[in-house]
Amino acid sequence: MRKKLTLFLSLCMVVMLCLTGCGTTGQQADDGVAETPASTPAGSGENAENSDSAGDSSVGTHINVALFTYIEGMDPAIDWCGWNLTRCGVGETLVTVNEDMEIVGQLADSWKQTDDLTYEFHIRRGVTFSNGNELTPEIVKASIERTIENNSRGESLKIADIAIDGENIIFTTTEPFSAFITNLTEPMCCIVDTTVDTSDYASMPICTGPYKITEYVSEERIELARYDEYWDGASQIETITCLNIGSDTKVDAILAGDIDIAQGPAATTLSQLEGNNGIEMISVTGTRENDAILNCAREPLSDLDVRLALSYATNRDVIAQIAGSGYATALDTAFPESVGYGYDDVEGQTYDLDKAVDLLREAGYTDTNGDGYVDINGENLSLTISLSNTSSTAVSEALQDMWGEAGIQVDIKMLENIKDIRASGDFDVIMAGWQTVNAGDGQKFLAARFGTGATDNYGQFSSEAFDDVLTRLDAAFDTQSRLESFVAAQQILIDECAVIWLYANDNVTIVNTNKVDNVTVFPIDYYLITNQLTVGG
């Protein structure tokens, strides 16, 4: 097995700030604003260490792939479908995130921020769509506008205007938005050819990537063919089938020879790979976290002491081992340590059962009848963890035992549809998992999950101090102030116990090296297939 890599995602903030004109690494533009020079996209042949035949389109072979998750649809302007495009190597954005979590150029080869609201990108020359049409700034403009109009997340880009100046496209934001450049890495910003009929883009979008879609079978498979005229060099692998395979069966499928790459297999199944020399497991520190959402808007969890008691009664090391079988890390704050954002400057709650009991006593809860559960006014402190009936109960059962040791009665309720109670707020505790940097930056994650009234703030957490930090983040263009804002935001969430952070996932991909090689595993799981794949064996 390849030695587990540890990536320091905190570099992402530094790089992003360099791009916005506050760093020192860019070439100096005529107007005195730092400009990011031509840069190398993730997986690019310009700096990848490949075999001599890498990029030789004369080599033809076929592989089968199981993606991290299978999302219905292929149109980046609809829901989360753009993630299919980037995972399949079909769609590309102006800028992207490489395997080291650096913001690098893709369809744009340079860019600069000219003031707090204005960003200018130079469109890379020589790029064509898979139908042969040339990429132009006008098409980029139309494609981004199409996404803003049709995707519910389009408003998060905060774009007021898009203009064309020769080979450049100029974005003006509605307000200072320091995370704008990183937000363009979000797969909903994949550029599609808008000069042709787009009515069938739900299954067959025309994009610029190293692969093009030849067939899409809903809920079953995506057929891909190499695009020989790809601007960064054609791949060795000629055709690919992306299959809809659940995480629990991916290891079985690769051992049976049914698939050659499996992204995101269930950690509990990975022990089956021991002794299989033809199967390589690649693991990098991921950017997803898992937590228990607490309903802060209703009793008893509206009481901060009760929420804190739950947090102190949670042994996160045990939870991480149960959840990840050795492929997860205990987490007591919003971002994994590898993401950075001042991780060492944030102080979370650690396991302390005595502290949990003391907090419950301060909240008025004691065991007055000797039944093992604390009570107040004759009623036991009782909570329900609600789960989807398709979810594993292992973590919830562990929490049930841990919180029970503090004297809290916990029931587990399995539901056919967890979305209904999540939307209505009719729950005590629900389990959640989130991509913390789904746009190359953590600001969007914090705002969507914990901003007052935000659509994904299911626990109905509300804090004026936290909202003020979010406002400061928008205008925090220099490295230090941005870092300080992230630290402040996380500490507020910890002190107010908005949720109970539990563990961070590793990103694991398994590869049949007899069939395919040179697979790059990215911390953010919306990348997988690149033009750098080579024939194995």
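The values are calculated or read from the model by the stated rules, or taken from the named source; none is laboratory data. This structure is a prediction, so every number in the text was calculated from the model and none was measured. All Cβ positions, even for glycine, are placed from backbone atoms using ideal geometry, and neighbour counts span all protein chains on display. Calculation scope for accessible area: heavy atoms of the full protein, side chains included, ligands and nucleic acids excluded. Shrake-Rupley method; radii C 1.70, N 1.55, O 1.52, S 1.80 Å.
Any chance the stretch 519-533 includes a residue that's open to solvent by less than 10 Å² (accessible area, probe 1.4 Å), farther than 23 Å from THR208 by Cβ and of a type outside the set (Val, Ile, Thr)? Looking through the stretch 519-533, at least one residue is open to solvent by less than 10 Å² (accessible area, probe 1.4 Å), farther than 23 Å from THR208 by Cβ and of a type outside the set (Val, Ile, Thr). Of the numbered conditions (1) in contact with a Phe, Trp or Tyr (Cβ under 6 Å, 6 or more places away or on another chain); (2) within 24 Å of PHE486 (Cβ to Cβ), ARG153 fails exactly one; give the number of that condition. Here ARG153 meets the rest and fails (1). Name every residue in the stretch 271-284 that is out of contact with any strand residue (DSSP E or B) (no Cβ under 7 Å at 6 or more places or on another chain) and either surrounded by 20 or more Cβ atoms within 10 Å (Cβ to Cβ) or at positive phi (or both), in order of residue number. Within the stretch 271-284, just GLY275 meets the criteria. All of (1) more than 22 Å from SER152 (Cβ to Cβ); (2) open to solvent by 10 Å² or more (accessible area, probe 1.4 Å); (3) part of a helix (DSSP H, G or I); (4) modelled with pLDDT under 95 hold for PHE477 with one exception: (3). Checking each residue in the stretch 183-196 for being under 21 Å from GLU72 (Cα atoms) and in a loop (DSSP other than H, G, I, E, B) picks out THR185, GLU186, CYS190, ILE191, VAL192, ASP193.
The number of residues in the stretch 483-537 that are of a type in the set (Ser, Thr, Tyr) and part of a loop (DSSP other than H, G, I, E, B) comes to 5. Taking (1) more than 19 Å from the chain's Cα centre (by Cα); (2) buried (at least 23 other Cβ atoms within 10 Å of the Cβ) in turn, ALA504 satisfies each apart from (1).
Counting only residues that are among the aliphatic types (A, V, I, L, M) and part of a strand (DSSP E or B), the stretch 82-104 holds 4 of them.
Do we have ILE245 as within 22 Å of the chain's Cα centre (by Cα) and closer than 29 Å to ALA504 by Cβ here? It is true that ILE245 is within 22 Å of the chain's Cα centre (by Cα) and closer than 29 Å to ALA504 by Cβ. For the stretch 252-272, which positions are in contact with an Asp or Glu (Cβ under 9 Å, 6 or more places away or on another chain) and either assigned to a helix (DSSP H, G or I) or under 21 Å from THR61 (Cβ atoms) (or both)? Matches in the stretch 252-272: ASP252, ILE254, ASP258, GLN263, ALA267, THR268, THR269, GLN272. Close Cβ contacts (under 7 Å, 6 or more residues apart or on different chains) running from residues in the stretch 294-307 that are touching a residue at least 12 places away in the same chain (Cβ under 8 Å) to residues that are assigned to a helix (DSSP H, G or I) and surrounded by fewer than 21 Cβ atoms within 10 Å (Cβ to Cβ) comprise ASP305/GLU362.
Among the residues of the stretch 68-84, those that are surrounded by 24 or more Cβ atoms within 10 Å (Cβ to Cβ) and in contact with a helix residue (DSSP H, G or I) (Cβ under 6 Å, 6 or more places away or on another chain) comprise MET74, PRO76, ALA77, GLY82, TRP83. Taking the criterion of being modelled with pLDDT under 90 and in contact with a Leu (Cβ under 9 Å, 6 or more places away or on another chain), the only residue of the stretch 259-282 that qualifies is ASN276. For the stretch 417-447, a tally of residues being under 23 Å from PRO187 (Cα atoms), in contact with a Ser or Thr (Cβ under 7 Å, 6 or more places away or on another chain) and open to solvent by 20 Å² or more (accessible area, probe 1.4 Å) returns 1. What are the residues in the stretch 129-157 that are open to solvent by 30 Å² or more (accessible area, probe 1.4 Å) and over 27 Å from the mean Cα position of the chain (by Cα), if any? ASN131, GLY132, ASN133, GLU134, THR136, GLU138, listed by residue number. Within the stretch 158-176, the set of residues being touching a residue at least 24 places away in the same chain (Cβ under 8 Å), of a type in the set (A, V, I, L, M, F, W, C) and open to solvent by 10 Å² or more (accessible area, probe 1.4 Å) comprises ALA160, ILE164, ILE170.
Applying a threshold of 9 Å to beta carbon distances and a minimum spacing of six or more residues, or different chains, the list of pairs starting in the stretch 190-203 at a residue that is on the phi > 0 side of the Ramachandran plot and ending at one that is of a type in the set (Val, Ile, Thr) is empty.
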